[in-house]
Amino acid sequence: MARLMKRSILRNLQSAIYGQKQPLSSASYFLAKSISRIEDDKSTRLLKVQWENGKENLYPYLFLRDHCQCPECFHPFTKSRKLDTVAAVDLGITIDDFAYDASDDVVEVTWPDGHKSRFTAEWLKSRFLSRKGEQINDRTGLDSVQRVSWTSMEIRENTPFVDFHEIESDEKALKGHLENLLRYGLSIVRNAPLELSVLQKMADLMCLSIVRHTNYGPFFTVESKPSPSNLAYTGSALPMHTDLPFYDYQPGVQLLHCIRQSSGSESDGASLLVDAMKVVEDLKGNSPEDYHLLTTTNFRFNDEGTDLYGEFDLQFERPTIGLDKNGKFVHMAYNNVVRDFINAPAENIQRIYEAYYKLSAMLRDKHYQFQYKMAPGDMLVFDNKRLMHGRTAFDPTTADRMLNGCYLDWDDIRSTWRVLHSRHE
């Protein structure tokens, strides 16, 4: 028999990043209250849980039985399901009884076969289901770090700098570094030692040493070379681009560590960065037809040649602007150097080029371009699927400029952030 209980709670979640309070996410909103009422709706086979703040969530019987947390159904150490759901649970399963234990903040459900499942309020809050008509958002735990789009002036006024030695010695500083990357797509590390091994040390910190191997190897050196295999290995200016769009699984994060820098003016060998998310927001608002074409037309990218592992021929097609199922920005695939075929009807090509030119003009606009000349010991860490990057020209006969680089994958970085978040929040 259900017992209706009321209980106050006692948390008010707020996070302060760089001295600014961030708005509460939907998930943390629920953490502010506990259960005040539970009802069973047998006609819809739903358990209704009402929180003290008045918010109500629905939990289907089948969903609850499938997610039973007891040791018989769920391994407590591997955090994986032991229950063979399809073989053991009937699609039309019902509830025999339920109760709420206020002392432990736990809902207990008894099933017709006598099996009991216990769900803490915290577990239920973290797994609330959306209602019909509501937008279904990402639920991987990252919603507490909201992405912030920026123009050149905005990032210049609030540049996300961090110190290498603080990251190395303080987990909270490392967490802040990862949140820079999640929020702005950029974190600039200062005072890194001028050693080739530093990129591996950063990978050790950010993602358990998991460096993404590509056709250029696990690490690469950007410097002027006599017989370059890539435009980056010259002193020429590099137009705005994202790296390696010819990979199906495009690397998510790039690290560039400055070992030596051009001694010329601030405009010699300076890095250029553009927040593609901001550009896309403005393109959508000002030129919706161009936006539509670039989100629905596949461009093919390719890279052929010979490098560390021998001969390669990489090809992949994707839209220039990638969106998720809710129409939110996910990636920018823009690299004119390796752009190949536009996979669209001949009658549409002219109009697609017009949209491409419109986007390109925005990427070259100083309103969006953030110019930063790295000093030896600086490390640019940026989202390769969000930030466009480029470089101003320099004279390789008079400038000895050298950067070391590597790629990391978002899956591994997000994993590290979740571990640090659960440990320190």
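The values are calculated or read from the model by the stated rules, or taken from the named source; none is laboratory data. Everything quoted here is computed from the prediction, not taken from an experiment. Heads up, the Cβs are rebuilt from the backbone with ideal geometry, glycines too, and the neighbour counts pull from every protein chain shown. Surface accessibility is based on the protein's heavy atoms, side chains included, excluding ligands, DNA and RNA. Shrake-Rupley method; radii C 1.70, N 1.55, O 1.52, S 1.80 Å.
With segment 39-120 as the region, which strands (runs of 3 or more DSSP E) entirely inside it contain at least 1 residues that are charged (D, E, K, R) and in contact with a Ser or Thr (Cβ under 8 Å, 6 or more places away or on another chain)?
Strands (runs of 3 or more DSSP E) meeting the threshold: 97-101, 106-110, 116-120.
Given Asp313, Asp365, Asp303, which one is assigned to a strand (DSSP E or B), in the same structural domain as Gly185 (by the TED database), free of Cβ contacts under 8 Å to residues at least 60 places away in the same chain and under 30 Å from Val222 (Cβ atoms)?
Asp313 is the lone residue from the list that is assigned to a strand (DSSP E or B), in the same structural domain as Gly185 (by the TED database), free of Cβ contacts under 8 Å to residues at least 60 places away in the same chain and under 30 Å from Val222 (Cβ atoms).
When you go through Ser209, Ser224 one by one, which is the residue that is surrounded by fewer than 14 Cβ atoms within 10 Å (Cβ to Cβ) and of a type in the set (Gly, Ala, Ser)?
Ser209
Considering only segment 337-349, state which residues are in contact with a Leu (Cβ under 9 Å, 6 or more places away or on another chain), closer than 22 Å to Tyr291 by Cβ and open to solvent by 40 Å² or more (accessible area, probe 1.4 Å).
Asn348
Mind listing just one residue for me: the one in segment 310-336 that is over 25 Å from Leu363 (Cβ atoms) and in contact with a strand residue (DSSP E or B) (Cβ under 7 Å, 6 or more places away or on another chain) and, of those, surrounded by the most Cβ atoms within 10 Å (Cβ to Cβ)?
Within segment 310-336, the match that is surrounded by the most Cβ atoms within 10 Å (Cβ to Cβ) is Phe312.
Within segment 140-175, which residues are touching a residue at least 12 places away in the same chain (Cβ under 8 Å), open to solvent by 50 Å² or more (accessible area, probe 1.4 Å) and farther than 20 Å from Phe382 by Cα?
If the condition is that a residue be touching a residue at least 12 places away in the same chain (Cβ under 8 Å), open to solvent by 50 Å² or more (accessible area, probe 1.4 Å) and farther than 20 Å from Phe382 by Cα, then Thr140 is the only one that fits.
Considering only residues that are open to solvent by less than 60 Å² (accessible area, probe 1.4 Å), under 29 Å from Glu134 (Cβ atoms) and out of contact with any Leu (no Cβ under 8 Å at 6 or more places or on another chain), which ones fall in segment 58-79?
Within segment 58-79, Arg65, His67 qualify.
Could you grab me the full set of residues in segment 317-351 that are basic (Lys, Arg) and over 19 Å from Leu244 (Cβ atoms)?
Those that are basic (Lys, Arg) and over 19 Å from Leu244 (Cβ atoms): Lys325, Lys328, Arg351.
Please go through segment 96-106 and give me each residue that is open to solvent by less than 60 Å² (accessible area, probe 1.4 Å), of a type in the set (Asp, Glu) and closer than 17 Å to Leu46 by Cβ, ordered by number.
Asp97
Would a scan of segment 3-10 turn up a residue that is open to solvent by less than 50 Å² (accessible area, probe 1.4 Å), more than 23 Å from Leu142 (Cα to Cα) and modelled with pLDDT of 90 or more?
Looking through segment 3-10, none of the residues is open to solvent by less than 50 Å² (accessible area, probe 1.4 Å), more than 23 Å from Leu142 (Cα to Cα) and modelled with pLDDT of 90 or more.
Take the residues in segment 107-139 that are surrounded by fewer than 13 Cβ atoms within 10 Å (Cβ to Cβ) and at pLDDT below 95; name whichever of them is nearest to Glu39 (Cα to Cα).
Arg131
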